[in-house]
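K.L.:
To start, I am sharing the structure in question, which I have written as C-alpha cells.
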Amino acid sequence: MISLRARFIRWITGWLIRRINIANAPIPKMRKHLDLMGRLAWPTRHVSVEKATLAGMYAEWYRPREATEGKVLLYLHGGAYALGSCDSHRKLVTRIAKACRLNAVMPEYRLAPEHPFPAGLDDCVRAIRSLLEQGYAAEDILVAGDSAGGGLAVASTLQLRREGLPLPGGVILLSPFLDMTASGESAKTRADRDPWFRPADVHVIIGHYCPGEDIRDPLLSPVFANVAAFPPTLIQVGDDEILLSDSTRFADKLIAAGRRVHLEVFPNLWHVFQLFVGKMPESRAAIEKIGEHVRSGFPDK
C-alpha cells in the first residue's frame, strides 16, 4: 500500500495530464508547465548549483558537500525527447547527487521536434566525450537518466561501444523508455492502471522525435540491442506504468548476456515517481536506494 501523499499525487497529476490532453497539447506550453513545476520545488540543502557549459551545451553542475572527488554522474533528463531542462529536473538530480555523494552534471541536449533523432543522442555522446577529455576515467563516469533520458543513457553507451570508446562505469535508469515499438506486455496489461500515459502516446513521441526512422533501431529501441560488455546497471520502475516491460525486458537481456543488473519494481507507483521527492516518502526511499547501490559498487543483488 502506498502512502496517502502518493495516492493524492497519483490522482491529481493524472487528472491534470488528462485535462491538459498531453498527447495533443502544444509543445511550448508543455515545456513551460514542466519547467515551472521544477522551479517551484524547494532547493536541496548542502548541494551547490553552478551554471556551466558542457560540449557547447548549457549545463549545470550539482556539487554535494560530501561528494567524492574524481567521479561524476552525468544525468540526462527525461521529457519524451521534446520536453525537459535543468529547471524541470534540478530537484531530482540534486537529491540523487547528494544520495550518491557524487558531483553531477546535467546538460540541456537538443530537443525534438526542432532537432529530431539523432541530434539529442549526438549531444549526449558529446557530453560523455567532453568528460573524458576533461580527465575523468571512463570507469569514474556514471550515466543516468529518466524516461527518454534513460533511453538516451542506454543509446549513448551503445554508441560509445560502436565508436570503440571506453564505456562508463555504470548506468542508472529511472522508468527508461527503451522500446519505440511499444511491443512489451505492459503496454496492454498496464494501460488501465497507468495514471499518466496510454500506448497511443508512443506514436506521438515517434512523430516528434524520429519520424521516418526504423523504430527497431537499437539506438531508438535498446530492447533490441546487443548488450555485450554493457556496464553494471541499476533500473527502477513503477509497477503501474505502461513502460514496465521496457525495464524488465532490458534487465532480462542483460542477465542473459552475463551482465550485472539490479532491477527494482515499485508496486502501485507510476512513471518517474522519483520526481516527487520531498512530497512523498516513496520517492525519497527510492533515491536513497540509488545512493546505497552506487556507494556499494553496483551489486547485482
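Bear in mind that the values in this text are calculations on the coordinates, not laboratory data. Keep in mind it's a predicted model, so treat the numbers as computed, not measured. Cβ coordinates were reconstructed from backbone atoms using ideal geometry, including for glycine residues, and neighbour counts include every protein chain displayed.
K.L.:
So, of the residues in the range 244-265 that are in contact with a helix residue (DSSP H, G or I) (Cβ under 6 Å, 6 or more places away or on another chain) and over 21 Å from residue 199 (Cβ atoms), which turns out to be surrounded by the fewest Cβ atoms within 10 Å (Cβ to Cβ)?
P.N.:
263
K.L.:
Give the number of residues within the range 128-167 that are closer than 21 Å to residue 217 by Cβ and not basic (Lys, Arg).
P.N.:
Matching residues across the range 128-167 total 21.
K.L.:
Residue by residue through the range 101-116, note down the ones that are farther than 27 Å from residue 205 by Cα and in contact with a Pro (Cβ under 8 Å, 6 or more places away or on another chain).
P.N.:
101, 102, 103
Residue-wise test of (1) surrounded by fewer than 24 Cβ atoms within 10 Å (Cβ to Cβ); (2) within 24 Å of residue 41 (Cα to Cα); (3) under 13 Å from the mean Cα position of the chain (by Cα); (4) aliphatic (A, V, I, L, M).
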residue: 83; (1), (2), (3), (4): yes, yes, yes, yes
residue: 118; (1), (2), (3), (4): yes, no, no, no
residue: 145; (1), (2), (3), (4): no, yes, yes, no
residue: 151; (1), (2), (3), (4): no, no, yes, no
residue: 170; (1), (2), (3), (4): yes, no, no, no
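K.L.:
Could you check, for the range 203-222, whether at least one of its residues is more than 25 Å from residue 111 (Cβ to Cβ) and surrounded by fewer than 18 Cβ atoms within 10 Å (Cβ to Cβ)?
P.N.:
no
K.L.:
Step by step: first the residues of the range 266-288, then only those that are under 16 Å from the mean Cα position of the chain (by Cα) and more than 25 Å from residue 192 (Cβ to Cβ), then the one that is surrounded by the most Cβ atoms within 10 Å (Cβ to Cβ). Which residue is that?
P.N.:
Result: 277.
K.L.:
How many residues does the range 21-46 contain that are touching an Asp or Glu at 6+ places or on another chain (Cβ under 6 Å), farther than 16 Å from residue 279 by Cα and in a helix (DSSP H, G or I)?
P.N.:
Residues meeting the conditions: 1.
Per-residue answers, yes or no, for (1) of a type in the set (S, T, N, Q); (2) touching a Leu at 6+ places or on another chain (Cβ under 9 Å); (3) touching a residue at least 24 places away in the same chain (Cβ under 8 Å); (4) within 29 Å of residue 132 (Cβ to Cβ):
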{"residue": "165", "(1), (2), (3), (4)": "no, yes, yes, yes"}
{"residue": "169", "(1), (2), (3), (4)": "no, yes, yes, yes"}
{"residue": "173", "(1), (2), (3), (4)": "no, yes, yes, yes"}
{"residue": "178", "(1), (2), (3), (4)": "no, yes, yes, yes"}
{"residue": "188", "(1), (2), (3), (4)": "no, no, no, no"}
{"residue": "195", "(1), (2), (3), (4)": "no, no, yes, no"}
{"residue": "201", "(1), (2), (3), (4)": "no, no, yes, no"}
{"residue": "211", "(1), (2), (3), (4)": "no, no, yes, no"}
